[in-house]
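Down below is the structure, laid out as structure tokens.
Nothing in this text is a laboratory measurement; each read-out follows from the coordinates by a stated rule. The model shown is predicted, which means the values in this text are computed figures rather than measured ones. We place every Cβ from the backbone using ideal geometry, glycine too, and count neighbours over all the protein chains shown.
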């Protein structure tokens with residue numbers, strides 16, 4: 001079916017607008033962009049008068065954990081809990097809905113929200129709930145805290161020799177606090193009760209519907225094999241309706257071609273070719289790697305085991321030689337600097353090609369390293385909404401908080417910056433992310449943190465659309481409203497170009513199209 005949207009405000013890039021866009025749901029492509037109703041409006045079986053409404057390219061979340069996020073949205077939610085009463089009330093309400101044998105998993109709490117002197121450890125959780133295993137993640141998903149029963153259930157005591165003191169935390173008396181970070185956290189995750197594939201499919205379908213309601217039709221997903229099994233099950237049912245750029249772990253370089261063959265029939269809904277590794281940890285867990293020590297400590301964060309063993313570097317060379325895209329998690333300024341060193345080495349050693357290396361997060365960058373992003377043609381994949389928590393934590397924890405979220409400096413130097421959420425670390429809503437990037441509002445900073453780094457709307461929209469398409473080598477097929485690109489479009493209830501930055505977060509998506517077909521409508 002051919003559809004024409006006319007009498008609208010259709011953003012086609014920068015400060016340019018058309019009034020009409022026509023597309024064909026059979027090919028999935030845009031066939032007309034311009035003024036009026038097109039030369040021959042009779043070719044359209046459906047013509048919709050937008051009555052001045054705004055049309056944007058659909059959003060791409062440039063960095064998320066899709067299935068993990070879907071699970072999180074089905075778990076206990078402590079994201080905005082600020083008092084002991086909040087924790088107790090939410091955990092007990094969730095507990096009352098459990099069936100026998102269930103665990104309480106979720107949380108995603110942030111100390112930046114706390115208005116009381118609270119320490120989240122096993123004793124704190126035991127005082128709220130001791131008869132059901134409880135596992136609560138910190139919002140950055142680089143650490144978690146278990147109650148005593150959960151520690152017993154996962155049999156941690158018999159595996160302590162496998163972890164460092166930075167991964168399994170003890171108090172001054174050498175007793176376990178219940179907190180586990182990085183490798184220790186993944187040990188607990190691996191021991192959690194399993195759910196069936198049918199349950200997973202229903203959880204994911206609900207999440208995809210939510211993404212559509214927020215105008216998201218594509219994601220760059222940090223994928224594990226078990227995630228891919230769920231995606232494949234929905235693809236086989238013709239129920240995925242989301243375009244996934246799947247980023248798999250560095251260690252799976254030898255499996256890339258196998259994945260491409262396995263999922264070949266499902267193009268353009270899933271693609272492979274990018275691989276990710278962790279260089280350091282996170283700010284709030286004090287595992288992000290900095291030049292200077294954290295305030296009041298003799299530690300400056302961690303390099304992951306993959307880095308210290310030399311495996312990350314070895315695999316990075318192999319991945320680049322194979323013509324696959326490097327994606328490296330870096331949070332602290334030293335991690336950023338060392339990752340740039342590695343990229344420079346690879347560029348100087350391996351053959352020239354369109355490698356588009358991505359650095360994920362880059363939350364803290366020293367002034368001396370900013371120019372290197374352009375020199376090395378590095379893509380910066382960032383999550384502006386993290387600043388809501390990061391501003392206070394950075395101010396309290398690190399020596400140079402002014403290095404926090406300085407994406408504007410990169411953009412002003414001509415670098416490509418992409419927006420995502422790291423969902424479920426923060427909400428999936430793109431308008432929340434745009435609001436954060438434009439205002440830099442944060443806990444403790446209602447008027448904005450380092451507002452010289454605020455971005456304009458067009459820059460934010462580009463970071464959420466065409467820049468994300470470029471980052472996954474898809475700029476010729478999506479990311480902007482152009483003829484012969486996929487008709488992935490959204491209709492918004494207000495003109496965000498004519499309202500304040502503070503009001504943008506209230507924008508609502510009325511209709512979402514994927515390949516010219518409606519997948520969401522109010």
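Can you classify the range 105-170 as rounded, prolate or oblate using the Cα gyration tensor, where a ≥ b ≥ c are the square roots of its eigenvalues, rounded means a/c under 1.5, and otherwise it's prolate if a/b beats b/c and oblate if not?
Taking the square roots of the gyration eigenvalues as a ≥ b ≥ c, the range 105-170 is oblate.
Using packing as a proxy for protection, rank 145-156, 434-445, 349-360 so that the peptide with the highest average count of other Cβ atoms within 10 Å comes first.
Averaged packing, sorted descending, gives the order 434-445, 145-156, 349-360.
What distance in nm separates the two pseudo spin-label positions at residue 130 and residue 377, each 7 Å out from Cα along the beta-carbon direction?
For residue 130 paired with residue 377, the spin-label model returns 6.2 nm.
Suppose R0 equals 56 Å. What FRET efficiency, 1/(1 + (r/R0)^6) with r the Cβ-Cβ distance, do residue 157 and residue 494 give to the nearest 0.05?
Once the sixth-power term is evaluated, E becomes 0.50.
Which value in Å does the Kirkwood hydrodynamic radius of the range 66-191 take, with 1/r averaged over all unlike C-alpha pairs and then inverted?
14.7
What does the extension gain come out to for residue 353 and residue 186, with contour length at 0.36 nm per residue minus their alpha carbon separation?
Full extension of this stretch gives 56.6 nm more.
Quick check: residue separation of residue 367 and residue 174 times 0.36 nm, minus the Cα distance between them. What number comes out in nm?
That works out to 65.5 nm of additional length.
Compute the FRET efficiency between residue 321 and residue 199 as 1/(1 + (r/R0)^6), taking r as their Cβ-Cβ distance and R0 = 30 Å, and round to the nearest 0.05.
Efficiency for this residue pair is about 0.15.
Which percent, to the nearest 5, of DSSP beta bridges fully inside the range 66-191 are antiparallel?
Rounded to the nearest five, the antiparallel share is 55 percent.
Going from the alpha-carbon gyration tensor of the chain, what semi-axes, largest first and in whole Å, does one get by taking the root of 5 times each eigenvalue?
38, 26, 24
Where does helix 311-321 land angle-wise versus the long Cα axis of the chain, in degrees 0 to 90, nearest 10?
20
What length, rounded to one decimal in nm, is gained on full extension from residue 521 through to residue 42, with 0.36 nm per residue of separation minus their alpha-carbon distance?
Full-extension gain reported as 170.0 nm.
Highest mean first, how do 210-216, 330-336, 128-134 rank when packing is the count of other Cβ atoms within 10 Å averaged over residues?
Descending packing order for the listed peptides: 330-336, 210-216, 128-134.
Ranked highest first by the average count of other Cβ atoms within 10 Å around their residues, in what order do 251-258, 183-190, 17-24 fall?
Going from most to least packed, we get 17-24, 183-190, 251-258.
Can you tell me what share of the DSSP beta bridges in the chain is antiparallel? A percent to the nearest 5 is fine.
45
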